[in-house]
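In what follows, a structure is listed as structure tokens, so that the remarks can point back to it.
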Amino acid sequence: TDEVDIGGLQARLMEKSNEISRINNQLLELGQELTTLRAKLALAENFEKITATAKGYHEDVHRWEKAVEALAPDGIPAEILSDALTPVNKRLRNTALLTGWPQVTISPTMDILVDNRLYQLLSESAKWRANAAIADAISYLSGLRLLVLDRMDVLDLKGRGAFLQWLYEIKEDYDSVLIFATLKTNPQLPDGMTSYWIANGELQDTESEAA
């Protein structure tokens, strides 16, 4: 389909998202504790006899402020999400280098960018290539060793050639790769790839062609 299915990626990031939610709850608790500490500090500073206590509160406030800073959106939560996306974007970079396709990137806000253009603004074939690259990244990183892609016929002849060459380059990463397309004739494939022709809902001999 034209829409990117990043369900697999989202499942892998779910654990990270839960951790971020937990950290956000801790951040709220820290903020409340910090308010209490500041109130105690203000009270303590009014009494010379408890200067040592006031100093202790000063130190506590400083520690809590550091914790709040670390748990801010651009702190630890951002680092967690970045760590989760780094291997995905690394694999996407590898695909761009092998195919010559535009670079696909998934941002920390889960936007899909192709050469810094939003996925929604792409042509149908460009969306398909982005889908294929993301599907490969998810399948590869999940260790399934299975890649399934539909509608290869969206690509033009040149694009199909680059796509098949890419599959040949990454064949060692998978036990099975299933590619589906509606074509006029049975395609010529590189060594190690086999085509199966289906006509009228039945599997035909590999030598047959469409009527």
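Numbers below:
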quantity	calculated
Principal axis dimensions, region 98-211 - Cα atoms, whole angstrom, descending	48, 30, 25
Glu33 accessible area, 1.4 Å probe, all protein chains in place, Å² to nearest 10	80 Å²
Ranking by accessible area, most exposed first, for Phe180, Phe163 with a 1.4 Å probe	Phe180, Phe163
Accessible area (Å², 1.4 Å probe, nearest 10) - Glu29	120 Å²
Sites matching trypsin sites (Lys or Arg not before Pro) across region 103-211 that sit in DSSP coil, with at most 15 neighbouring C-beta atoms within 10 Å	Arg145, Lys184
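The values are calculated or read from the model by the stated rules, or taken from the named source; none is laboratory data. These numbers were taken from a predicted model, which means no experiment stands behind them. Cβ sites come from the backbone with ideal geometry, for glycine too, and all protein chains shown count toward neighbours. To get the accessible areas, we keep the full protein, side chains included, count just its heavy atoms, and leave off ligands, DNA and RNA. Shrake-Rupley method; radii C 1.70, N 1.55, O 1.52, S 1.80 Å.
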